Amino acid sequence: MTAVKSIAVMTSGGDSQGMNAAVRAVVRSALYHGLEVYGIQRGYKGLITDDIRPMDLRSVGDIIQRGGTILQTARCKEFHLPEVQQQAADILRKRGIDGLVVIGGDGSYQGANKLSKLGIKTMGLPGTIDNDISYTDYTIGFDTAVSIVVDAVNKLRDTMSSHERSSVVEVMGRHCGDIALTAGIASGAESILVPEVPFEIENVAAQMKANFEKGKRHSIVIVAEGVGSGEEIAAKITELSGIEPRVTVLGHIQRGGTPTHNDRNLASMLGDFAVRKLIEGDSGKACGIIKGELVATDIDLVVHSKKTFNHELYELAARLAK
């Protein structure tokens, strides 16, 4: 006997590489355990319009290597309204759906938390490239996004070195600097600017000027978008040092492409884990991985917690950039 007989899965908010792998894992794990499975199209918007379809093994064939999400995703601003949340819960009950797996970021978790309080058995999976979800070391899509940034910086470094120029690279991360930090260390960036750490632009400009005076042929500054635009940072550097950095804004390219094996494996493990927790009768949890162990944390705690920034890693980046 299981605590659920029918579950639905949805992807919500911004897409991230590995979402399809997570959907695949949820569907196949549920079918393995004899459950009925449904896919909700376009996140919460599809839920409140009852755009829900049965899923089988063929529904998730040949998707583990694909970026984006086959279930599509959309913003749903009206879902913050209590009457809309109740409407969504009623639709799930009318269809006989016992459990719901929500794959997404903080906003998606907020919605899952509301449904949990209305009696819907829910599990959240951290699908966001920003790595800004607490109670998990990594989110689905983060590894791929970092790899894309590192590859871009590698290519920029080639041409910047050839022309003895500097480069400012703006990456995603409005409130969390994990992409900038991790990619910056991996690509050997000379400066990394993140929202969590105050900085003096005068010091960044002085360091860049000193690097060229010491004979360096290039200099890379990685900027998380939450700090300010790459254009603004570059203009200030020029004003202070006379050096004119070239600006590259990677934008949504960081969300696309084939997920790395790390993201596929993480998504697969978390998807299966979420189904097993629902079968065991658990609910209102956010699934994650901490120090290599799968964990399920009360989603209410997760949505009211801020991800801790790794200051030790940031200090390492500063030491290695000297």
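FYI, it's all coordinate maths here, none of it is from the lab. Note that this is a predicted model, so its numbers are computed, not measured. No Cβ is skipped: glycine too gets one built from the backbone with ideal geometry, and neighbour counts run over all protein chains shown.
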| Relative to the first principal axis of the alpha-carbon coordinates of the chain, what is the inclination of helix 19-32, with its axis defined by its Cα atoms, in degrees from 0 to 90 and to the nearest 10? | 30
| field | Extended-chain gain in nm, criterion 0.36 nm per residue less alpha-carbon gap, residue 117 and residue 51 | value | 21.5 nm
| remark: Helix 230-241: inclination vs the chain longest Cα principal axis, degrees, rounded to 10, gives 20
| field | Net charge of Cβ neighbours under 13 Å - reference residue 259; Lys, Arg +1; Asp, Glu -1 | value | +1
| task | Would you tally the net charge around residue 160, using a Cβ to Cβ cut-off of less than 13 Å, leaving residue 160 out, and scoring K and R as +1, D and E as -1? | result | +2
| query | Considering only 197, 6, 116, whose Cα is most displaced toward the positive end of the charge dipole of the chain, charges sitting on Cβ of Lys, Arg (+1) and Asp, Glu (-1)? | reply | 6
| Just how large is the dipole of the chain about the Cα centre, in debye to the nearest 20, putting +1 at every Lys and Arg Cβ and -1 at every Asp and Glu Cβ? | 700
| note | Once both label points are put 7 Å beyond Cα along the C-beta direction, the residue 319-residue 155 separation in nm becomes 3.3
| query | With a sphere of radius 9 Å drawn around the Cβ of residue 121, what net charge do the other residues whose Cβ falls strictly inside it have (Lys, Arg +1; Asp, Glu -1)? | reply | -2
| task | Mind pulling the angle between the C-alpha long axis of helix 201-213 and the longest principal axis of the chain? Nearest 10 degrees, somewhere in 0 to 90. | result | 50
| remark: A chain fully extended from residue 74 to residue 238 at 0.36 nm per residue, minus the present Cα-Cα distance, gains in nm 55.1 nm
| residue 305/residue 186 FRET efficiency (R0 30 Å; Cβ-Cβ; nearest 0.05) | 0.65
| query | Each residue of the stretch 114-130 in turn: what ³J(HN,Hα) in whole Hz from Karplus with 6.51, -1.76, 1.60 and θ = phi - 60°, glycine and Pro shown as x? | reply | 5, 5, 4, 5, 8, x, 7, 6, 10, 9, x, 10, x, x, 6, 6, 6
